[in-house]
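One structure is given below, encoded as structure tokens.
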Amino acid sequence: MNYEKNYIVIDIKRISDGKLKSQTDHCRRSRGRIDHCDLKRTKLNKTVIGIEKDPYQSAKNYIESQKAHIHKRNETPYTSLILTASPEFFDLNPENSTRWENITTKWVLETFGSNAVYLEFHEDEKTKHAHLTVVPTYQKFRKGKPGKVYVSHHEHPVFAGRDSYHRLLDSYEAVCKPLGLRRSRSTDTRSPTTKSQHATEMLNAAETELQISRRLQKHSVEFLEYSRNRIVNAVEESVDAFFIKEGGDQSEFDAFERGTIEICPPHGISKKDLSIIESRGSVSSLISKIISKLRDTKYKLEKEYNKKMKYIYEREKTLNEKEFLITEREKTISIAVLMSARERQRRENSR
């Protein structure tokens, strides 16, 4: 047997009521895509644990018999596992299929006990595999006395703690080794993190994003002011060129320019300023044309400026909301860490 090519495979997922119903339809071949199934071989599919071709009702019956409680926030109370091996393993020897099936059934019962509510082997697809449904339950103890039974993935002995999935794979590999099967070794070097560590990382990322947004906003305001000043300078240059093109008198031009510099602030020309310029003793049509041109240009400039400032103010509002959410998240993390520490202390005391 080529040991290098024979691997075990386990796919573990937490699923909801809806997903479990879909899995029931899959087992019955009643809905969804079935073009990958050989319907002539469907009769070879075998249910070993639970109600035949009904993992949903099997899970519900078990929960009812145990009087187990599912917390309203637990949207994925069930654990679904798919177990299989390399196709080459089944093709090499017809007896391998039966041996793998027997070993897998024994391992499921020893590992999960009565929490394994459904197990079915499928042989009508490309590679033989098993569908396992687990209802992970645990019982609370109060003052040393047994209390209510709850459904919880993280509190179950098999799934609790860090590296629980690695431990599960190691356990399955140990029973499959006599068949020449082994598990593939992960190349992922990342270390698992706790909930509080993950929340802290997310919080730091949000704060970094907020700081970057602040810097971008500051640059946006500075660039907007710079662009506005450039437009004002361009208007002044165009007015000068327009004045000379129309053949204005140099003394009249100098007087107008002085009036503009004295009256108009660098950031724009107000209506009052324009009215003062108009009353500066010149009745030349040239001055009227210039005033009209300045009015039009100022209107367009102010409209664009107000539009951009409105966007900046909206951005500022969004950033303030993000800051508030980050503050609230910090409070939630602190409370969660404190409660987790108290829960650990309570468990140690109960032991």
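Throughout, read-outs are computed from the coordinates displayed, never taken from laboratory work. Everything numeric in this text was worked out from a predicted model, so none of it was measured. Virtual Cβ from ideal backbone geometry, glycine too; neighbours counted across all protein chains shown.
Quick check: the distance between the Cα centres of the range 11-52 and the range 124-156, to the nearest angstrom? Cα centroid of the range 11-52 versus Cα centroid of the range 124-156: 20 Å apart.
Proximity of backbone amide H atoms, modeled 1.01 Å from N, is registered between Y7 and S86, R182 at under 5 Å, excluding neighbours fewer than 5 places apart on the same chain.
Estimated from the Cβ-Cβ distance and a Förster radius of 25 angstrom, the FRET efficiency linking R342 and K67 is about 0.35.
How would the range 1-95 be classified by its alpha-carbon gyration tensor: rounded, prolate or oblate, with rounded meaning a/c under 1.5 and the a/b versus b/c comparison settling the rest?
prolate
State the percent of C-alpha pairs, over all pairs in the range 24-69, separated by a distance greater than 18 angstrom.
In whole percent, the share of Cα-Cα pairs in the range 24-69 beyond 18 Å is 39.
Computed from the Cβ-Cβ distance with R0 of 56 Å, the FRET efficiency linking S350 to T127 stands at 0.75.
Largest first, the three principal axis extents of the alpha carbons in the range 3-190 are 56, 40, 29 Å in whole numbers.
Shape of the range 119-165 from its Cα gyration tensor (a ≥ b ≥ c, root eigenvalues): rounded if a/c is under 1.5, otherwise prolate when a/b > b/c, or oblate? The shape class here is prolate.
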